[in-house]
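I have placed the structure first, in the form of structure tokens, so that the comments after it can refer back to it.
Bear in mind these aren't lab numbers, they're just calculated from the coordinates by the rules spelled out. Fair warning: this is a prediction, and the values are worked out from it, not measured in the lab. Every residue, glycine as well, gets a Cβ built from its backbone with ideal geometry; the counts of neighbours run over all protein chains shown.
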Amino acid sequence: MEQQHDPIALAARAGRLLAERGWTLATAESCTGGLIGHWVTEVAGSSGYFGGGVIAYADSAKVGLLGVESDQIREHGAVSEPVALAMAQGARRALSAQVAVSVTGIAGPGGARDGKPVGTVYIGISSPLGERVERHVWPHDRAGNKAASAQRALEMVIEMLEGS
């Protein structure tokens, strides 16, 4: 997808595509801390297609609110493909949305793990059109990693709805 640096315009585009289908969006955010939901709700009329979001920063919130299996977190770590997908599926279920996007990652400056440097992020999406997870390693500072993750999450919603 072509770089779009205005996150509100990106959120509005995703919103138009959701509204055209009569679908709602849910978010499950860890390292982005609600940034996706913030950008979506900056668009007037977003209450028509945004069901809500869960900021599941702690592992216990991922398990308790989104239904992520604690075994998945123990086996793969909270920053992993299976956990990102389970977060998206859990948000979709919890908020009765057709589309859910999730982000789990290491925004920095600390928190690096073996094989997971600062900037490692998994973004998951779940909808009737399919499910997938992307892994990224962003090169930015904390704020930049959060923004890059939230932007890519919205791009993934757009791509799925446009059939890319």
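Odds and ends about this structure:
- Arg92 being over 29 Å from Ile8 (Cβ atoms), basic (Lys, Arg) and either loosely packed, with under 15 Cβ neighbours inside 10 Å or under 14 Å from the mean Cα position of the chain (by Cα) (or both): no
- Residues of the stretch 10-26 that turn out to be surrounded by fewer than 19 Cβ atoms within 10 Å (Cβ to Cβ) and within 17 Å of Ala88 (Cβ to Cβ), as a count: 1
- When each of Tyr49, Tyr57 is tested for being closer than 23 Å to Ala143 by Cβ and not hydrophobic (A, V, I, L, M, F, W, C), the lone residue that passes is Tyr57.
- The helices (runs of 4 or more DSSP H) falling completely within the stretch 45-164 that include 2 or more residues that are touching a residue at least 24 places away in the same chain (Cβ under 8 Å) and touching a Pro at 6+ places or on another chain (Cβ under 7 Å) map to 142-162.
- Tally, over the stretch 39-62, of residues that are in contact with an Asp or Glu (Cβ under 8 Å, 6 or more places away or on another chain) and buried (at least 20 other Cβ atoms within 10 Å of the Cβ): 3
- Selected residue (criterion: farthest from the chain's Cα centre (by Cα)) from residues of the stretch 117-135 that are surrounded by fewer than 20 Cβ atoms within 10 Å (Cβ to Cβ) and either charged (D, E, K, R) or closer than 15 Å to Ala78 by Cα (or both): Pro117
- Checking each residue in the stretch 31-44 for being touching a residue at least 24 places away in the same chain (Cβ under 8 Å) and not charged (D, E, K, R) picks out Cys31, Thr32, Gly33, Leu35, Ile36, Trp39, Val40, Val43.
- Filter result (assigned to a strand (DSSP E or B) and more than 14 Å from Gly105 (Cα to Cα)) within the stretch 26-44: Ala26, Thr27
- Of all residues in the stretch 98-108, those satisfying the criterion of being of a type outside the set (Val, Ile, Thr) and surrounded by 24 or more Cβ atoms within 10 Å (Cβ to Cβ) are Ala100, Ser102, Gly105, Ala107.
- In the set (1) more than 22 Å from Ala148 (Cβ to Cβ); (2) surrounded by fewer than 18 Cβ atoms within 10 Å (Cβ to Cβ), the condition left unmet by Gly111 is number (1).
- Residues satisfying the stated conditions in the stretch 1-11, i.e. in a helix (DSSP H, G or I) and over 16 Å from the mean Cα position of the chain (by Cα): Ala9
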